1. If exposed GluC sites (Glu not before Pro) are those in a DSSP loop with at most 14 other Cβ within 10 Å, what is the longest stretch of the chain that has none?
2. Per 10 Å bin, what is the whole-percent P(r) computed from every C-alpha pair distance within the range 108-233?
3. Relative contact order for the range 4-95 using alpha-carbon pairs under 8 Å, separation at least 6, rounded to a whole percent?
4. Which pairs, out of Lys154/Lys216; Lys202/Lys292; Lys147/Lys330; Lys154/Lys232; Lys154/Lys219; Lys232/Lys330, put more than 32 Å between their alpha-carbon atoms?
5. In deg cm²/dmol and to the nearest 500, what is the mean residue ellipticity at 222 nm of the chain if only DSSP H runs of at least 4 residues count, each as -39500 (n - 2.57), divided by the residue total?
6. Can you give the extra length, in nm with one decimal, that the chain gains between Ala8 and Arg66 once fully stretched, where that is 0.36 nm per residue apart less the Cα-Cα distance?
7. Can you give me the angle between helix 310-324 and the longest principal axis of the chain, using Cα atoms only, in degrees from 0 to 90, rounded to the nearest 10?
8. Can you tell me the 0 to 90 degree angle between the C-alpha axis of helix 214-233 and the longest principal axis of the chain, rounded to 10?
Amino acid sequence: DIDPIKAAAKRLHYSHEGAIHFGIIPRCNRGIFAINELPDLQPRIQVGLFNILEEKDVQIRGFNVRIPLDIMLVFTANPEDYTNRGNIITPLKDRIDSQILTHYPRSLQEAISITEQEANLNRDSRELRIPFFFREIVEQIAFEARKSEYVDQKSGVSARLTISAMENLISNAERRAIIVGDDVVVPRICDLPHLLPGMTGKIELVFEGEQEGSVKVSKALVGKAVRETFKKYFPDPLRKRARNVQEGQSSRPVNDDSEYGKITSWFEAGNKIEVSDDMPIAAYMRELDKVKGLRDFTRRHMPDIDEKYELPSVMEFVLDGLHQNSKIAKDEVDHITSYKDLVGSIFSGHGKGYEED
């Protein structure tokens with residue numbers, strides 16, 4: 001186009017070829033030129049791309065000059081209903097040879113690899129240990145959001161949600177390690193509420209979701225993610241088994257509580273424990289060890305975990321999994337999480353955890 005500043009500085013008339021500014025695209029001849037967020041370009045600038053895409057040249061206004069180009073143009077754009085800031089004009093769409101539609105990660109492992117690549121986790125001199133089920137929980141949150149009736153699926157769920165959630169999870173674990181003086185940073189289940197600030201701004205809710213509130217919807221998504229991940233490592237607490245059939249009696253499915261009998265019986269006796277996200281590792285372990293049978297159950301199903309640092313987190317994972325399957329109750333007040341008997345909590349009006357009806 002004509003560069004009026006260049007013409008004025010060199011005292012050239014606008015009809016002089018020296019007043020021409022060739023722009024960036026001709027200078028990228030025999031290269032690849034990328035334009036991010038194409039709908040944000042003004043329509044008149046989008047019109048300027050017509051000749052490049054169709055005739056493979058540049059025409060300069062007011063001059064009989066054609067510059068042949070050998071160039072590849074690459075554009076990126078969000079879905080048109082995701083941001084209402086602009087759109088791609090129809091004639092330009094028609095001239096784009098190929099449109100590649102991106103997709104969500106197809107598997108949990110793909111999502112974990114993306115978050116591991118993008119998240120900034122190694123920020124401190126302390127050793128960082130992340131039990132693998134925490135990575136699965138964080139990614140499962142996004143999978144649950146992508147099928148939730150409260151989340152606007154037209155806007156979608158960005159991969160930035162899991163990246164921010166993982167960074168928030170590790171940040172709270174680092175904060176605890178600094179306060180109590182631990183040399184090893186290990187996240188805990190009681191750190192999961194600190195994921196919410198990284199989630200609430202990254203999911204668009206439908207009307208029903210707005211009525212529920214973003215925090216409540218986010219808590220429910222975390223609860224569902226914990227429940228689904230729990231079933232991968234431990235027996236399903238809600239699994240049904242057939243009662244022994246005797247002659248003349250019909251078979252009837254009953255709950256198989258044998259795996260969790262000692263743990264749930266301890267809470268049914270009126271006992272409870274309280275943990276928080278700022279407890280030292282030794283105090284955290286002592287509190288969890290109060291639950292009869294919990295340590296043995298955890299070791300039996302996950303024998304390869306580290307005894308000192310990872311075992312307490314897995315033990316609380318078992319308790320939270322039982323809560324998400326309505327076997328025990330959970331209450332959160334002032335960053336203190338208590339686990340107790342479900343029936344007693346119903347009559348006392350407490351026991352609401354991540355997933356609230």
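1. Counting at most 14 other Cβ atoms within 10 Å as exposed, the longest clean stretch of the chain is 150-246.
2. Each 10 Å bin holds this share of Cα pairs: 13, 45, 31, 10, 1.
3. On the way: 99 pairs, mean separation 31.0, N = 92.
In percent, rounded to a whole number, it is 34.
4. Correct reply: Lys202/Lys292.
5. Helix contribution divided over all residues of the chain: -12000 deg cm²/dmol.
6. Working it through step by step, the gained length comes to 18.4 nm.
7. For 310-324 against the chain, the angle is about 90 degrees.
8. The angle comes out near 60 degrees.
Each value in this text was obtained by applying a stated rule to the coordinates, not by laboratory testing. Note that the coordinates shown come from a computational prediction; the quantities given were computed from them, not determined experimentally. Neighbour counts run over all protein chains shown; Cβ positions are idealised from the backbone, glycine included.
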